[in-house]
Each structure stands twice: as structure tokens, then as C-alpha cells.
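Take a look at the structure below.
The values are calculated or read from the model by the stated rules, or taken from the named source; none is laboratory data. It should be emphasised that the depicted structure is a prediction, and the values quoted were computed from it without experimental measurement. All Cβ positions, glycine included, derive from the backbone under ideal geometry; neighbour counts span all protein chains shown. The area values use the complete protein model at the heavy-atom level, side chains included, leaving out ligands, DNA and RNA. Shrake-Rupley method; radii C 1.70, N 1.55, O 1.52, S 1.80 Å.
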Amino acid sequence: MIASVTRARPRLLFARHFFANPRGIGSMIPSSRRLTQRLLAGVDWPSARVIVEYGPGTGVVTRAILAQMAPDARLYAFEINEDFVAFLRRAIPDPRLTVVHASAETVASALAATGIAHCDAAISSLPFSIMPPRVRLRILAATARVLAPGAAMVGYQYSTRWLRELRRSFGNVAVDFEPRNWPPAFVFTARSGSTPAG
Ligand SMILES: C[S@@+](CC[C@H](N)C(=O)[O-])C[C@H]1O[C@@H](n2cnc3c(N)ncnc32)[C@H](O)[C@@H]1O
């Protein structure tokens, strides 16, 4: 009973914000366990020390990242929704997690402010395909700059429309599909190492 109440609160918070701002949130319910697993399969966990997450929402992916990452690794989660930021800071008191109340566009300057030049993985839940193209391009360019050589940006989308843009920024993009999510989602893994655009 208590567990189902604890699960219901973030779901209600998530749905409320979806109805207030569907394009900003991108999905009515949080990602499924299957989608989260598929998303995180592209990360090299033993070597990842600095990880960034974009769009943690109410934290389903955040919790799964924390469960897999090393005890001495750090996770910086970028979220623009103030209520989600407050919820995450309260609900996930893990000292390895820093919730940054800012757009993913600021990833390079936010990491630089803590003395970090590169990250070993970027994990995105952002609604890239429906966000303003200039914001999307700024996030892709900033991510390509901060990812360590060979490191991956992984993410999911409900459409493959903008993947050509992703390929222009990263060169090396693999696409997978997870049907056990609502809606079913395409999971992408984009690797740095080629020359980033923008
Ligand atoms: C589809 S929800 C994902 C939530 C959760 N990670 C999941 O998988 O269920 C997308 C999230 O991205 C956040 N978001 C949208 N644009 C953003 C941006 N430019 N920077 C950081 N977060 C953003 C939204 O506020 C929302 O919490």
C-alpha cells in the first residue's frame, strides 16, 4: 500500500505537468522499466566517472543510473521544470547526484564551474523531436563538446524524424527499438570521436 502511494505521487506530478505543458514534457507517463534498461545498456558503467542526465523528470531513469554507476562516480542531472527539481532533491538524497536547475544547453559551463571538462556518458530523456530546433542544436553541440572521446550519448524518441540532424552532430549513431513502453520508443546511441557540428 505504502509503496503504491509512493509510486503514485511522482506519476501524478508528471501527468499534471504534461497536461500543463505537453511539448515541454513530451510524454504523459514516465519511461517503463524496459525502456530504461535498453537506454542504459549503451553505457560503459565500469569506466564512467562523470555522467550527465538530461530531463530526469520525476527520476525513473535517474534511480536506474544511480543503481548502476560506480560508488565514486558523479551524476549531474539537468532539469528545467522547477517542481521536478524540488521533487528530485527531496526524493533522491544520494550524495553522488547533483540536480542542476538549468537547460541541458548549459552542460559545458555547468561542468566547467565544478572543474570538469569532460563527461563519460550523456543520458537523455529530452523530447528532442518536438523542441525548438535552435535549442536542440545547442544541446547537441554542447554535448558533442563535453563528451570524452569515444563516450556515448544515449536517448530515446518516439519518432526518427530528426535523427539525420543527430548524425550530422555525431557521425556514429545506432538506433534500436523498445516496444514495451507507452508510446513505443526508438533508442539511439550516438558516439563522439568524429568532428562535432556547430
Ligand atoms: C519525457 S520527460 C522524461 C522524464 C523521465 N526521465 C522519464 O524518462 O520518464 C522529459 C523531461 O525533459 C525536461 N526538459 C525539457 N527540455 C529540457 C531542457 N532543455 N533541459 C533539461 N530538461 C528539459 C522536461 O521538463 C521533462 O522533465
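Add -39500 (n - 2.57) for each DSSP H run of 4 or more in the chain, then divide by its residues: what number comes out at 222 nm, to the nearest 500 deg cm²/dmol? My calculation for the chain gives -11500 deg cm²/dmol from helical runs alone. When D72, D176 are compared by accessible area at a 1.4 angstrom probe, the order from most to least is D72, D176. Split the accessible area of the chain by element, probe 1.4 Å, and carbon with sulfur accounts for 58%.
Could you grab the relative contact order for the chain? Cα pairs under 8 Å, six or more apart, rounded to a whole percent. If you can, show how the numbers build up before the last one.
Details: 358 pairs, mean separation 40.4, N = 198.
Relative contact order for the chain comes out at 20 percent.
Can you pull the percent of Cα pairs in the stretch 53-113 with separation above 17 Å? Considering the stretch 53-113, 33 percent of its Cα-Cα pairs are separated by more than 17 Å. The S32 and V173 beta-carbon pair, evaluated with R₀ = 22 Å, returns a calculated FRET efficiency of approximately 0.45.
Looking at the stretch 31-191, the accessible area is 44 square angstrom per residue; that uses a 1.4 Å probe and ignores ligands, DNA and RNA.
Taking trypsin sites (Lys or Arg not before Pro) as exposed when DSSP calls them loop (any state but H, G, I, E, B) and at most 12 other Cβ atoms lie within 10 Å, what is the longest stretch of the chain free of them, the sites themselves excluded? Before the final figure, lay out each step's value.
Values: sites that count: R161, R180.
The longest such stretch corresponds to 1-160.
With equal scatterers on the alpha carbons only and no solvent term, can you work out the Debye log10 of I(q)/I(0) for the stretch 31-191 at 0.12 1/Å? Rounded to two decimals, the profile gives -0.46.
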